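To keep things clear, I will list the structure first and then write my remarks on it.
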Ligand code: ADP
Ligand code: MG
């Protein structure tokens, strides 16, 4: 059984791409066969995993339009996962898919052809709620929402939840809301905790444990073309390893997801 996870939030800069790369590397390190899918025309995931999007002849774009099979565009990544890369061409896929019937199912259909080769597929959604994100949510078993622990972080969450509800009603009744992953978390301030409490209270969403701490290593890693798990040990990498173990216990053994307990003050 392949488990497919969409990482989505229409807000940019909330650590979607960092979460996909780091969680993917952590799951691969735990022996899982992992496929990462870059659905963002900005191709930050592709770039951060050491591939130059400008040098690619085929990507998720061709796959979504049916001009290439998924298997032919996959790339190797140093840390173990494989990657379905993005290029800027994906920006045009939105418009081209709009004219096609069944457009929300393009990714789901393509992934079905390679599902046997992977235990986990993680989809990096773009910062919008357009056709590409609808494809990611339609192809997924569950959605994880990274949320930056700062003021007004909750803005847009309601809209995202409505989109998830639409997908559940129309294209993917099986889609589960896994929960919110607190990112860029600063445990030294009460502010981060207040933001979490507010979100948990407002939307009744589970807060996945552990929160990912803010650490300077992440910026260094994405600049160097490798995920944060390579290089010296640090608390960000450790948090993603714990998250990977938390998710695997849930998927493999049906264990209850470990969540963050925040009291509303
Ligand atoms: P998104 O994909 O949601 O736009 P990114 O994963 O690209 O977000 O992250 C946005 C920026 O925040 C990047 O520069 C990234 O390196 C940085 N970042 C992500 N997670 C952390 C963290 N835990 N600590 C510090 N910086 C982080
Ligand atoms: Mg991104």
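The values are calculated or read from the model by the stated rules, or taken from the named source; none is laboratory data. What you see is a predicted model, and the numbers here were worked out from it, not measured in a lab. When we count neighbours, we look across all protein chains shown, and the Cβ atoms used for this are built from the backbone with ideal geometry, even at glycine.
Residue-level check: of (1) farther than 20 Å from residue 251 by Cβ; (2) within 16 Å of ligand 1 (Cβ to nearest atom), residue 8 misses just (1). Taking helices (runs of 4 or more DSSP H) as the structural unit, those lying wholly within segment 1-109 and holding at least 2 residues that are in contact with a strand residue (DSSP E or B) (Cβ under 6 Å, 6 or more places away or on another chain) and at pLDDT 95 or above correspond to 16-29, 44-48. Here is the figure for segment 183-212: residues that are over 18 Å from residue 7 (Cβ atoms) and not in a helix (DSSP H, G or I) total 5. When residue 235 is tested against (1) modelled with pLDDT under 85; (2) within 11 Å of ligand 1 (Cβ to nearest atom), just one condition goes unmet, and that condition is (1). Looking across segment 80-107, just one residue is surrounded by fewer than 19 Cβ atoms within 10 Å (Cβ to Cβ) and touching a residue at least 60 places away in the same chain (Cβ under 8 Å), and that is 105.
Residue pairs whose Cβ atoms lie under 6 Å apart, sitting 6 or more positions apart in sequence or on different chains, and linking a residue in segment 41-54 that is in contact (Cβ under 8 Å) with a residue 60 or more places away in the chain to a partner that is part of a loop (DSSP other than H, G, I, E, B) and away from ligand 2 (no atom under 13 Å from the Cβ), are 41/88; 49/77; 50/225. Residue 172 satisfies every condition listed in (1) buried (at least 19 other Cβ atoms within 10 Å of the Cβ); (2) outside any loop (DSSP other than H, G, I, E, B); (3) at pLDDT 90 or above except (2).
Determine which member of the set 199, 216 is in contact with a strand residue (DSSP E or B) (Cβ under 8 Å, 6 or more places away or on another chain), under 21 Å from residue 12 (Cβ atoms) and modelled with pLDDT under 90.
On the way: 216 fails: in contact with a strand residue (DSSP E or B) (Cβ under 8 Å, 6 or more places away or on another chain).
Only one candidate passes the filter, namely 199.
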